[in-house]
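Visitor: Shown below is the structure under consideration.
The values are calculated or read from the model by the stated rules, or taken from the named source; none is laboratory data. Small disclaimer: the values here were computed from a predicted structure and weren't measured. Positions of Cβ are backbone-derived with ideal geometry, glycine not excepted, and every protein chain shown enters the neighbour counts. In case anyone asks, the SASA skips ligands and DNA or RNA and just uses the protein heavy atoms, side chains included. Shrake-Rupley method; radii C 1.70, N 1.55, O 1.52, S 1.80 Å.
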Amino acid sequence: MPDKYMTPTAVIPIILRSINGTLGILLHKRQNTGYGDGLWDCAASGHVEAGESPKAALIREAMEEIGIAVQEEDIQFATMMYHFESGRST
């Protein structure tokens, strides 16, 4: 498994936008990553780097991947998921 997938923490932003009273969610089709290519995914998800807070990672990933400037005060925590693979140290 590539080292970039060994990072135990990731951020997955749910980016919502209202247009004329209709709420939409920003998605993208994964490509050129080697993981889930061709599947729909939440836009701008990514791994938290060493020493980086989850909010800082979300802000960085949104700018790097989709060119959206996110302000820390606009981030709201929604949920957490924990997945552990047997035989893998964390």
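Visitor: Please calculate the 1.4 Å probe accessible area of Ile68, with all protein chains present, and give it to the nearest 10 Å².
Guide: Surface open to solvent at Ile68 totals about 60 Å².
Visitor: Right, something else. Working out 0.36 nm times the residue gap between Tyr82 and Ala69, then minus their Cα-Cα distance, what length gain in nm do you get to one decimal?
Guide: Details: separation 13, 0.36 × 13 = 4.68 nm, distance 2.74 nm.
Full-extension gain reported as 1.9 nm.
Visitor: What does the accessible area per residue of the stretch 45-84 come to in Å², with a 1.4 Å probe and no ligands, DNA or RNA counted?
Guide: 79 Å²
Visitor: Right, another one. Under the Kirkwood approximation for Rh and a Cα-based Rg, what ratio Rg/Rh is obtained for the stretch 5-79? Don't skip to the answer; put the middle values down first.
Guide: Details: Rg = 13.0 Å, Rh = 13.3 Å.
Rg/Rh for the stretch 5-79 comes to 0.97.
Visitor: Also: Subtracting the Cα-Cα distance from 0.36 nm times the residue separation, let me have the gained length for Leu39 to Ile19 in nm, one decimal. The partial results should precede the final answer.
Guide: Details: separation 20, 0.36 × 20 = 7.20 nm, distance 2.52 nm.
Here the answer is 4.7 nm.
Visitor: Based on the mean of other Cβ atoms within 10 Å per residue, sort peptides 56-66, 14-24, 40-50 so the most packed one is first. Spell out each step's value before the answer.
Guide: On the way: 56-66: 17.4, 14-24: 8.7, 40-50: 15.5.
So the peptides 56-66, 14-24, 40-50, ranked by packing, come out 56-66, 40-50, 14-24.
Visitor: Of all accessible surface on the stretch 38-81 at a 1.4 Å probe, what whole percent is carbon and sulfur? Working shown, then result.
Guide: Numbers: 1820 of 3140 Å².
Carbon and sulfur together cover 58 percent of it.
Visitor: How many nm is it between the label spots at Asn32 and His47, if each spot is 7 Å from the Cα in line with the beta carbon?
Guide: With each label point 7 Å from Cα toward Cβ, the separation is 1.9 nm.
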